[in-house]
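What follows is a set of notes on a single structure, which appears directly below.
The values are calculated or read from the model by the stated rules, or taken from the named source; none is laboratory data. This is a predicted model, so every value here is computed, not measured. With ideal geometry, Cβ positions are generated from the backbone for all residues, glycine too; neighbour counts draw on all protein chains shown. Heavy atoms of the whole protein, side chains included, go into the accessibility calculation; ligands, DNA and RNA do not. Shrake-Rupley method; radii C 1.70, N 1.55, O 1.52, S 1.80 Å.
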Amino acid sequence: MNKPLDGLWHFTFEDRVMNWSQGMFKIFCTDEQRPLDLSGIHRLIHPLDRFKWELAVNQASLGGAPSLFDSLVVLPSGKTVWVRHSVSTFVKDGNPVGLEGICTDITDLKMMELECKIDRHFK
């Protein structure tokens, strides 16, 4: 199993700019020279998992508790990867001023879980 790949992102409400680490570009395989925005990531998440992203972003935007969830991501190439998302608020002077997150490619882990379930089912 490969070591999971992590990517970090940061978004500010004031200038609506999203910054990505190199890991984010590797996970999301984007050819663009600039990061996707929040809605761009939302579009890549499988439709059955999009509500998790929406809930996490909305909760963090209001200064709520950090969120941690897994989603299936469909890349522009059609390849699918499993991503574990952590979304939280960053605060200045007691007010939410932006969002930050960590994305981890957990595809290998999910495949191992599936293999274990299949093995248990057929034994």
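Side notes on the structure shown:
- Theoretical gain in end-to-end length, Arg43 to Cys29 [0.36 nm per residue, Cα-Cα removed]: 3.6 nm
- Averaged per residue, the chain has 63 square angstrom of accessible surface, using a 1.4 angstrom probe with ligands and nucleic acids left out.
- Estimated dipole of region 1-106 in Debye, rounded to 20 [Cβ of Lys and Arg +1, of Asp and Glu -1, Cα centre]: 240 debye
- Rg then Dmax, both in Å and based on the Cα atoms of region 3-82: 12.7, 35.
- Among Val17, Met112, Leu38 - extreme Cα towards positive end, dipole of the chain, charges at beta-carbon: Met112
- The label-point distance for Ser77 and Leu62, in a model that sets each label 7 Å from Cα toward Cβ, rounds to 3.9 nm.
- Total formal charge among the other residues, if their Cβ is under 13 angstrom from that of Lys92, Lys/Arg +1 and Asp/Glu -1: -3
- Formal net charge of residues neighbouring Phe11 (Cβ-Cβ distance under 12 Å; K, R +1; D, E -1): -3
- Debye equation applied to the C-alpha atoms of region 25-123, log10 I(q)/I(0) at 0.18 Å⁻¹: -0.89
- Where Leu72, Leu62, Leu8, Leu99 fall by accessible area, highest first, once all protein chains stay in place (1.4 Å): Leu62, Leu8, Leu72, Leu99
- Overall, the accessible surface of the chain at a probe of 1.4 angstrom is composed of carbon and sulfur to the extent of 55 percent.
- Anchor Lys79: aspartates and glutamates whose Cα lies under 15 Å away (excluding residues fewer than 8 positions away in-chain): Asp31, Asp105, Asp108
- Across the chain, the mean sequence separation of Cα contacts (distance under 8 Å, 6 or more residues apart), normalised by length, yields a relative contact order of 27 percent.
- Centroid-to-centroid separation of region 83-123 and region 34-70 [C-alpha atoms, Å]: 12 Å
- Unsatisfied cross-links (Cα-Cα over 21 Å) in the set Lys52/Lys92; Lys26/Lys110; Lys52/Lys110: Lys52/Lys92
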